[in-house]
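These notes concern the structure reproduced below.
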């Protein structure tokens with residue numbers, strides 16, 4: 001087993017009231033090229049900054065080769081960072097920038113005195129040693145002879161190389177790279193990706209790389225850590241993450257994908273888009289599942305041979321392949337193929353069993369904690385909804401004074417009763433009229449699932465936010481401000497165990 | 001009919017008029033007076049007299065020393081304040097900055113007057129009776145009080161422009177607080193120091209209102225000297241003014257030259 005050079009144990013980070021990193025644990029093997037991948041604001045940079053020492057975790061431990069370094073300041077950690085916007089010192093030239101770390105360094109040299117006893121001394125590196133190391137670092141990044149150049153005369157790509165040289169010259173145990181290629185143009189970025197990868201192979205030190213670019217992550221990494229909302233979604237090799245995404249978020253974020261909702265109908269048989277397919281994942285029969293099919297795994301055949309039949313509705317040339325969208329009943333399927341088809345053509349579609357990936361759905365219903373108010377409405381998720389409280393007590397009804405009368409004729413005032421509120425995925429709708437629903441919030445995620453969108457609306461402030469997950473056929477935009485509408489009869493209430501006891 | 005073309009250059013006219021009447025002509029008059037004697041004949045006598053008169057030379061040295069002390073005190077007070085303010089993440093730091101700058105908005109003579117009354121009041125107390133005759137001390141306190149904002153502002157704006165990631169990079173590369181300050185913070189705030197020093201040093205050489213009011217007219221700085229001469233000897237007065245101008249010009253050139261050499265970002269206010 002490889003040595004764990006860095007290990008995070010239950011690391012949590014708050015900025016003020018905001019939870020940025022939520023109980024994250026993982027380890028990094030020595031010599032590995034590991035990438036933190038996720039959309040902006042997912043906490044990947046904060047995680048990196050905690051490893052560098054710029055931020056301290058609110059709780060949890062960061063272990064370096066088994067030693068807890070959580071509280072060490074950055075200058076005491078054997079890690080170096082390549083910053084997002086390089087952070088080169090503008091008043092130094094290239095040589096002075098790269099030599100900065102070496103000049104701060106003290107090495108322990110062993111000497112022998114007259115009597116032959118050994119003694120050690122902490123010493124600075126000599127000028128000659130520094131010059132040699134700088135020269136070597138510049139060779140590694142292909143900038144020989146740039147020592148005397150001032151930073152402002154360098155291009156973005158050259159500054160990038162200086163930033164890398166400045167970090168690796170210190171021979172750190174771990175090199176941290178915070179979206180280092182973000183400011184470069186596409187061609188430059190591709191070249192640097194390959195060079196970084198080569199550099200990693202040559203230097204043999206551990207690289208921790210942060211990016212939001214999934215292609216970059218797939219190209220360069222040995223291991224990818226997919227993050228979202230301060231939580232690790234999946235850790236694995238690029239192949240594993242691409243072929244076997246752990247959930248719809250990962251599937252949607254990495255590469256193109258068709259995501260469907262379906263049901264397991266038999267042993268290794270799954271039904272979606274109205275047809276039954278063979279698959280390789282073994283789930284319990286009748287279980288609801290999310291299904292991911294990569295566009296390149298959909299094969300186009302003649303209408304008679306295809307399990308699915310549909311009509312081509314769009315064809316887009318993408319350079320290496322065509323992206324073809326096919327309407328299958330009410331579902332849309334995206335296909336990538338080197339062959340083209342005509343718009344309007346009727347075709348059949350097949351998916352091989354190993355092209356169908358099943359996942360346990362993250363959301364099947366929405367569950368909230370709620371409280372019954374004076375007027376027999378229920379308060380939850382930062383809003384107030386009308387509901388049918390009689391369902392809490394079978395056979396009960398509401399009298400004229402708005403009291404609940406149970407089957408036995410007992411009068412109960414429900415005000416303040418804590419309840420569990422359950423709302424199904426298909427029972428929620430949203431409106432851009434703010435007063436139309438019981439609560440309001442912003443759309444934080446939209447994932448297309450073939451025939452509908454899976455939308456998540458987040459209500460309330462950051463410290464007490466609640467998410468609604470539901471399916472809709474309408475397309476909304478992320479960040480839209482909407483109100484959430486739930487029909488009275490679709491709100492399922494149940495008494496919490498404690499509340500039940502009190503009532504009895 | 002062709003309308004007269006209104007070009008952007010036309011907008012310069014008001015300033016050009018101002019420049020001619022209030023800068024160029026007075027300047028010529030000063031040079032003229034400096035190099036003529038009482039009979040309006042060309043002469044170097046003022047020049048020679050100035051540099052052979054020990055009182056005049058010592059007044060210049062004396063002014064420079066007082067200005068230097070003022071500048072150093074201002075810098076020592078302003079630097080940490082500006083640094084803390086620029087680096088703090090306080091949302092209200094603008095308010096704190098305003099508190100330092102606010103006195104600038106109150107009439108200068110009023111403030112100096114108030115300070116004098118305060119000193120008078122304090123010197124009533126037996127323990128502080130020495131204040132009565134501590135003219136130089138009072139002058140310097142007055143100048144520091146007056147010119148401190150001019151030191152804080154350029155320092156603050158320069159430090160604000162230093163990217164936080166540079167401090168992080170220094171720490172990341174193994175630099176401790178000491179290294180980071182002397183190798184990153186100080187050199188990068190140099191433009192601010194330079195403009196702050198210029199903005200405090202030069203006025204405190206010539207601003208004799210403070211020395212007059214707080215120093216019981218016992219502290220004679222160069223500005224006071226010039227104004228005294230203009231009472232009866234315009235020729236000598238002009239010569240001293242010209243010498244002062246050259247000193248000011250030389251020192252500006254010196255600090256300006258340093259700025260462009262150092263390839264640093266920052267502003268010169």
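Which condition does residue B:245 not pass, out of (1) crowded, with 22+ Cβ neighbours inside 10 Å; (2) within 14 Å of the chain's Cα centre (by Cα); (3) under 16 Å from residue B:29 (Cα atoms), if it passes all the others?
Condition (1) is where residue B:245 drops out.
Does region B:38-48 hold any residues that are within 32 Å of the chain's Cα centre (by Cα) and either assigned to a loop (DSSP other than H, G, I, E, B) or surrounded by fewer than 17 Cβ atoms within 10 Å (Cβ to Cβ) (or both), and which are they? Working first, answer last.
Initial filter on region B:38-48 (within 32 Å of the chain's Cα centre (by Cα)): B:44-48.
Answer for region B:38-48, where residues must be within 32 Å of the chain's Cα centre (by Cα) and either assigned to a loop (DSSP other than H, G, I, E, B) or surrounded by fewer than 17 Cβ atoms within 10 Å (Cβ to Cβ) (or both): B:44, B:45, B:47, B:48.
Specify which of the listed residues (A:96, A:139, A:117, A:123) is farther than 30 Å from residue A:194 by Cβ and without any contact (Cβ under 8 Å) to a residue 12 or more places away in the chain.
Within the list A:96, A:139, A:117, A:123, the selection yields A:117.
Specify which of the listed residues (B:158, B:139, B:180, B:185) is within 20 Å of the chain's Cα centre (by Cα) and within 14 Å of chain A (Cβ to nearest Cβ).
Answer to the check: B:158.
For residue B:195, which of the numbered conditions (1) part of a helix (DSSP H, G or I); (2) within 14 Å of another protein chain (Cβ to nearest Cβ); (3) touching a helix residue (DSSP H, G or I) at 6+ places or on another chain (Cβ under 7 Å); (4) in contact (Cβ under 8 Å) with a residue 60 or more places away in the chain fails to hold?
(2)
From the set of residues in region A:62-113 that are within 19 Å of residue A:11 (Cα to Cα) and assigned to a loop (DSSP other than H, G, I, E, B), which is farthest from the other protein chains (Cβ to nearest Cβ)? Spell out the reasoning first.
The first filter runs over region A:62-113 and keeps only residues within 19 Å of residue A:11 (Cα to Cα), leaving A:62-74, A:77, A:79.
In the following step, the residues that additionally are assigned to a loop (DSSP other than H, G, I, E, B) were identified as A:65-66, A:69-73, A:77.
Working: A:65: 18, A:66: 22, A:69: 14, A:70: 16, A:71: 14, A:72: 11, A:73: 7, A:77: 8 Å.
Restricting to residues being within 19 Å of residue A:11 (Cα to Cα) and assigned to a loop (DSSP other than H, G, I, E, B), the top hit is A:66.
For region A:444-468, enumerate the residues that are out of contact with any helix residue (DSSP H, G or I) (no Cβ under 9 Å at 6 or more places or on another chain) and closer than 20 Å to residue A:331 by Cα.
Answer for region A:444-468, where residues must be out of contact with any helix residue (DSSP H, G or I) (no Cβ under 9 Å at 6 or more places or on another chain) and closer than 20 Å to residue A:331 by Cα: A:446, A:450, A:451, A:452, A:453, A:455.
Mind listing just one residue for me: the one in region A:135-158 that is more than 13 Å from every other protein chain (Cβ to nearest Cβ) and outside any loop (DSSP other than H, G, I, E, B) and, of those, surrounded by the most Cβ atoms within 10 Å (Cβ to Cβ)?
A:138
Just name the residue that is farthest from the chain's Cα centre (by Cα) out of those in region A:183-192 that are part of a loop (DSSP other than H, G, I, E, B) and surrounded by 15 or more Cβ atoms within 10 Å (Cβ to Cβ).
A:184
Whether any residue in region B:84-97 is within 21 Å of the chain's Cα centre (by Cα) and either modelled with pLDDT of 85 or more or surrounded by 11 or more Cβ atoms within 10 Å (Cβ to Cβ) (or both) is what I want to check.
yes
Could you please find all residues in region A:40-57 being surrounded by fewer than 15 Cβ atoms within 10 Å (Cβ to Cβ) and at pLDDT 90 or above?
First pass over region A:40-57, keeping only residues surrounded by fewer than 15 Cβ atoms within 10 Å (Cβ to Cβ): A:40-41, A:56.
If the condition is that a residue be surrounded by fewer than 15 Cβ atoms within 10 Å (Cβ to Cβ) and at pLDDT 90 or above, then A:56 is the only one that fits.
Please state which one of A:326, A:351, A:371, A:334 is within 27 Å of the chain's Cα centre (by Cα) and either modelled with pLDDT under 90 or buried (at least 17 other Cβ atoms within 10 Å of the Cβ) (or both).
A:334
Among the numbered criteria (1) at pLDDT 90 or above; (2) within 14 Å of residue A:174 (Cβ to Cβ); (3) surrounded by fewer than 22 Cβ atoms within 10 Å (Cβ to Cβ), which single criterion is violated by residue A:60?
Unmet for residue A:60, out of (1) at pLDDT 90 or above; (2) within 14 Å of residue A:174 (Cβ to Cβ); (3) surrounded by fewer than 22 Cβ atoms within 10 Å (Cβ to Cβ): (2).
For the condition surrounded by fewer than 19 Cβ atoms within 10 Å (Cβ to Cβ) and under 14 Å from residue A:350 (Cα atoms), what is the one hit in A:304, A:287?
So the residue among A:304, A:287 that is surrounded by fewer than 19 Cβ atoms within 10 Å (Cβ to Cβ) and under 14 Å from residue A:350 (Cα atoms) is A:304.
Which count do you get for residues in region A:88-127 that are surrounded by fewer than 16 Cβ atoms within 10 Å (Cβ to Cβ) and in contact with a strand residue (DSSP E or B) (Cβ under 9 Å, 6 or more places away or on another chain)?
The total comes to 15.
Under 7 Å between Cβ atoms, which residue pairs at least 6 apart in sequence (or on different chains) link something in region B:240-254 that is assigned to a helix (DSSP H, G or I) with a partner that is modelled with pLDDT of 85 or more and surrounded by fewer than 16 Cβ atoms within 10 Å (Cβ to Cβ)?
These pairs meet every condition: B:242/B:31.
Buried (at least 18 other Cβ atoms within 10 Å of the Cβ), within 30 Å of residue A:444 (Cα to Cα) and more than 14 Å from every other protein chain (Cβ to nearest Cβ): is that true of residue A:6 in this structure?
Numbers: buried (at least 18 other Cβ atoms within 10 Å of the Cβ): yes; within 30 Å of residue A:444 (Cα to Cα): no; more than 14 Å from every other protein chain (Cβ to nearest Cβ): yes.
Taking the combined requirement at face value, the residue does not satisfy it.
Scan region A:16-61 for residues that are assigned to a loop (DSSP other than H, G, I, E, B) and more than 14 Å from chain B (Cβ to nearest Cβ) and jot them down. Can you show your working first?
Residues of region A:16-61 that are assigned to a loop (DSSP other than H, G, I, E, B), as a first pass: A:16-17, A:30-32, A:38-43, A:53-58.
Across region A:16-61, the qualifying residues are A:17, A:30, A:31, A:32, A:38, A:39, A:40, A:41, A:42, A:43, A:57, A:58.
The values are calculated or read from the model by the stated rules, or taken from the named source; none is laboratory data. This structure is a prediction, so every number in the text was calculated from the model and none was measured. Reconstructed Cβ throughout: ideal geometry from the backbone, glycine too, with neighbour counts over all protein chains shown.
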